[in-house]
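Structure record follows, encoded as structure tokens.
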Amino acid sequence: MPPDSTIVDLRRLLAERFGAAMRPRPASTVPALPTGLDALDPLLGGGWPRGEVSELVGEGPGSGTAQVLQAWIRQTAREGQFLALADGTDSLDLESLEPAVLTRLLWVRCRGADEALKAADILLRDRNFSRVVVDLKLCPATELRRLSSSVWHRFHRLTEQHGTTALVITPQPLVSGAACRVQVRGSLGLQALAQGPVDAERGLRFELLR
């Protein structure tokens with residue numbers, strides 16, 4: 001979506017593109033969704049908890065949150081599913097993802113944390129998406145401090161109702177009541193990034209905070 005799209009445009013896009021193409025998903029007995037990272041899945045007991053809100057924390061530049069997000073987008077494409085991303089600062093690096101992978105991604109380009117959360121609220125109410133990511137990593141601290149804790153309560157309720165697996169990416173712990181909170185640490189230099197996703201992912205270290 002172009003940067004100047006509104007929330008109304010998002011509602012219209014979802015109705016036009018996905019409304020008739022997909023049907024409500026049957027309940028699954030799989031307890032978790034694989035992240036696409038061999039180093040992370042065992043820590044989480046198989047992947048991101050299904051039907052829950054999880055939080056990925058990455059402090060500072062080069063922490064590795066972008067690599068974790070890209071890994072999950074690729075994993076989603078391999079499974080033939082769709083992932084919706086509410087990108088708080090329009091920062092997704094499209095050149096790092098293959099064209100076939102991008103066909104399985106709905107990228108909502110937002111201008112700040114508040115707009116990203118409003119977009120996520122719509123996406124979580126749409127049963128066409130089993131995976132929703134809210135990327136707040138690069139949002140200004142002043143915006144994040146103004147967020148009401150009630151938004152996380154609403155997200156928990158929506159994921160429980162619709163069985164959606166949600167991931168919120170933040171620069172510091174922020175999501176109250178998160179089913180799991182993972183800290184990623186990496187010192188990703190240009191050489192690792194230039195060599196490809198596998199080399200970049202090898203430099204990531206994870207800690208389960210919750």
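If R0 is 22 Å, what FRET efficiency do you get for Q172 and L94 from their C-beta distance, rounded to 0.05? Intermediate results must be reported in sequence, preceding the final value.
Numbers: r = 27 Å, r/R0 = 1.22.
E between Q172 and L94, to the nearest 0.05, is 0.25.
Whole-Hz ³J(HN,Hα) for each residue in region 124-130, computed from phi via Karplus 6.51 cos²θ - 1.76 cosθ + 1.60 with θ = phi - 60°, x for glycine and proline: what do you get?
For region 124-130, the Karplus curve yields 5, 8, 9, 6, 6, 10, 8 Hz.
Can you work out the accessible area per residue across region 51-132, with the rest of the protein chains kept in place, probe 1.4 Å, in square angstrom?
Result: 36 Å² per residue.
Please find the FRET efficiency linking E59 to R154, where r is the Cβ-Cβ separation and R0 is fixed at 25 Å, and quote it to the nearest 0.05.
0.45
Can you give me the % of accessible surface on region 81-206 that is carbon or sulfur? Probe 1.4 Å, all protein chains present, nothing else counted. It would help to have the intermediate numbers written out before the result.
Details: 2870 of 5740 Å².
Carbon and sulfur: 50 percent of the exposed surface of region 81-206.
Output wanted: per-residue J couplings in Hz (rounded whole) for region 157-167, from phi through Karplus 6.51 cos²θ - 1.76 cosθ + 1.60, θ = phi - 60°, x for Gly and Pro.
After applying 6.51 cos²θ - 1.76 cosθ + 1.60, I find 5, 5, 5, 5, 5, 9, x, 7, 9, 10, 10 Hz.
With r defined as the distance between the Cβ atoms of L144 and R185 and R0 fixed at 25 Å, what FRET efficiency is calculated, to the nearest 0.05?
0.80
The values are calculated or read from the model by the stated rules, or taken from the named source; none is laboratory data. Keep in mind it's a predicted model, so treat the numbers as computed, not measured. Cβ: placed from backbone, ideal geometry, glycine included. Neighbour counts: every protein chain shown. Quick note on the areas: whole protein, heavy atoms, side chains included, nothing else; ligands and nucleic acids left out. Shrake-Rupley method; radii C 1.70, N 1.55, O 1.52, S 1.80 Å.
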